[in-house]
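Chemist: Structure incoming, see below.
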Amino acid sequence: MSHTITKAVVAAGGAGTKMAPITRLLPKELLPVGRMPILEHLVRDLREAEITDVLFVISSRKPQIPAYFGSGAAYGMSFSYRVQDDGAGPGAPVLAAEAWAAGQPFIFTFGDNLIRGAAGAAAPLQRLIGAASADCSVLTRIFRSDSIPAHETLLGAADDPGSCLGPEAVSFGKDRLDHASAPWVHACAARWVLGPVIFDALRDCPPRPNGELYLIDAVRRWISASNTLTALPLRPDDLRFNCDNWETYHDAVAALSP
């Protein structure tokens, strides 16, 4: 699609319990990687993708985030903030953005995730925007089904990445949802392009037994109703770090510090 996306929603409300005790004092999204906090790397990625308006969905325990970023004027952007305390699940920040999105498609991302594109290649977020469908698109990482890292959010079956010249966007339909016997799988890589259909999809999706609402559950139900999304795999040499634990955070610092 042509570039018509100017808004992004950043979920940054998680408690960061895996990185306590420091996260009792400082949000994990503000831990430094190189010369800037994790979240500032993301903000700069959004700016390079021509995003102008960002809504940060934060918890009441994270006043440091608006204190650090302010109105966004220093970045040539406009920043808004919404407080949403923990317990509602990772789908809740999307629903919290419905009025703010005003019927427009938007980027949705998690504030503790870093993605660095391969040198000399288009940035992954820009590739996603360029390939995105109007309703729902996602960056993915393709894994062998017998070597999926812990805590990855699985979307469904993937084609053998060695069967094409490079990672290309695919139309992902309900035929791919059952990945029980698939040798390769798509795992979500924390960057989405979402259209207004996502809000009804989330409202129609039952929460998990713990009461939390998950975006991936709503998306998979939406696909099972004969809808399709665009799945765009990361390149093999793109780097992605989910900095919600010390091991991955240290990996990010080692890889991305000058």
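No lab work stands behind these numbers, since they all come straight from the coordinates. Source: prediction; values computed, not measured. Here Cβ is always computed from backbone atoms with ideal geometry, including for glycine, and neighbour counts include all displayed protein chains.
Chemist: Do the sum for the chain: with -39,500 (n - 2.57) for every DSSP H run of n ≥ 4, divided by all residues, what is the mean residue ellipticity at 222 nm, to the nearest 500 deg cm²/dmol?
Modeler: -6500 deg cm²/dmol
Chemist: Regarding segment 7-256, what whole-number volume in Å³ per residue does the convex hull of its Cα atoms give? Before the final figure, lay out the partial values.
Modeler: Numbers: hull volume 32.6 nm³, N = 250.
Taking only Cα atoms, segment 7-256 has a hull volume of 130 Å³ per residue.
Chemist: Can you find, among Ser224, Gly117, Gly173, the residue farthest towards the positive end of the dipole of the chain? Put +1 on the C-beta of Lys and Arg, -1 on that of Asp and Glu.
Modeler: Sorting the options by dipole projection puts first Gly117.
Chemist: Could you put Thr23, Thr109, Thr140, Thr153 in order, starting from the residue whose Cβ has the fewest other Cβ atoms within 10 Å?
Modeler: Thr153, Thr23, Thr109, Thr140
Chemist: Which is farthest toward the positive dipole end of segment 196-258 among Pro207, Cys243, Leu256, measuring Cα position about the Cα centre, with Cβ charges +1 (Lys, Arg) and -1 (Asp, Glu)?
Modeler: Looking along the dipole axis, the top candidate is Pro207.
Chemist: Something else about it: In debye, nearest 20: dipole of segment 64-138 around its Cα centre with unit charges on the Cβ of K, R (+) and D, E (-)? List each step's numbers first, then the result.
Modeler: Values: 3 positive and 5 negative charges, 63 e Å.
Dipole magnitude for segment 64-138 comes out near 300 debye.
Chemist: Could you compute Rg(Cα) / (2.2 N^0.38 Å) for segment 109-186, with N its residue count?
Modeler: With N residues counted in segment 109-186, Rg over 2.2 N^0.38 Å equals 1.15.
Chemist: What is the extension gain from Glu48 to Arg24, computed as 0.36 nm multiplied by their sequence separation minus the C-alpha to C-alpha distance, in nm to one decimal?
Modeler: Between Glu48 and Arg24, full extension yields 5.5 nm more.
Chemist: A further question on this structure: Quick one: check the C-alpha center-to-center distance for segment 80-124 versus segment 226-251, whole angstrom.
Modeler: First find each Cα centre; the distance between them is then 14 Å.
Chemist: Same structure again: Once phi is turned into ³J(HN,Hα) by the Karplus curve 6.51 cos²θ - 1.76 cosθ + 1.60 with θ = phi - 60°, what whole-Hz value does each residue of segment 182-190 show in order, with x for glycine and proline?
Modeler: 6, x, 10, 9, 8, 10, 5, 10, 6
Chemist: Can you pull the one-decimal nm distance between simple spin-label points at Ser171 and Thr17, each 7 Å off the Cα toward Cβ?
Modeler: Result for the modelled spin labels: 4.3 nm.
Chemist: Let me ask something else. Report for the chain the percent antiparallel among DSSP-assigned beta bridges with both residues inside it, nearest 5.
Modeler: Of the beta bridges lying entirely in the chain, close to 55 percent run antiparallel.
Chemist: Does segment 85-140 come out rounded, prolate or oblate, given a ≥ b ≥ c as the square roots of the eigenvalues of its C-alpha gyration tensor, rounded meaning a/c under 1.5 and, failing that, prolate meaning a/b above b/c?
Modeler: On the way: a/c = 2.87, a/b = 1.51, b/c = 1.90.
It is oblate, given that a/c is not under 1.5 and a/b is not larger than b/c.
Chemist: Rank these for me by crowding, Tyr249, Tyr75, going from fewest to most other beta carbons within 10 Å. Kindly include the intermediate steps, with their values, before the conclusion.
Modeler: Values: Tyr249 22, Tyr75 17.
Taking fewest neighbouring Cβ atoms as first place, the list is Tyr75, Tyr249.
Chemist: Place a +1 charge on the Cβ of each Lys and Arg in the chain and a -1 charge on the Cβ of each Asp and Glu, then give the dipole magnitude about the Cα centre in debye, rounded to the nearest 20.
Modeler: So the magnitude is around 440 debye.
Chemist: Additional query: Report the charge-dipole magnitude of segment 141-246 in Debye, nearest 20, computed about the Cα centre from +1 at each Lys and Arg Cβ and -1 at each Asp and Glu Cβ.
Modeler: For segment 141-246, the charge dipole is close to 160 debye.
Chemist: Between their Cα atoms, which of Lys7/Lys28; Lys28/Lys174; Lys18/Lys174 are more than 28 Å away from each other?
Modeler: On the way: Lys7/Lys28 23 Å; Lys28/Lys174 36 Å; Lys18/Lys174 34 Å.
As for pairs spanning more than 28 Å Cα to Cα, those are Lys28/Lys174; Lys18/Lys174.
Chemist: Next question, about the same structure. If we count other beta carbons within 10 Å of each Cβ, what is the order of Val253, Val43, fewest first?
Modeler: Result, fewest neighbours first: Val253, Val43.
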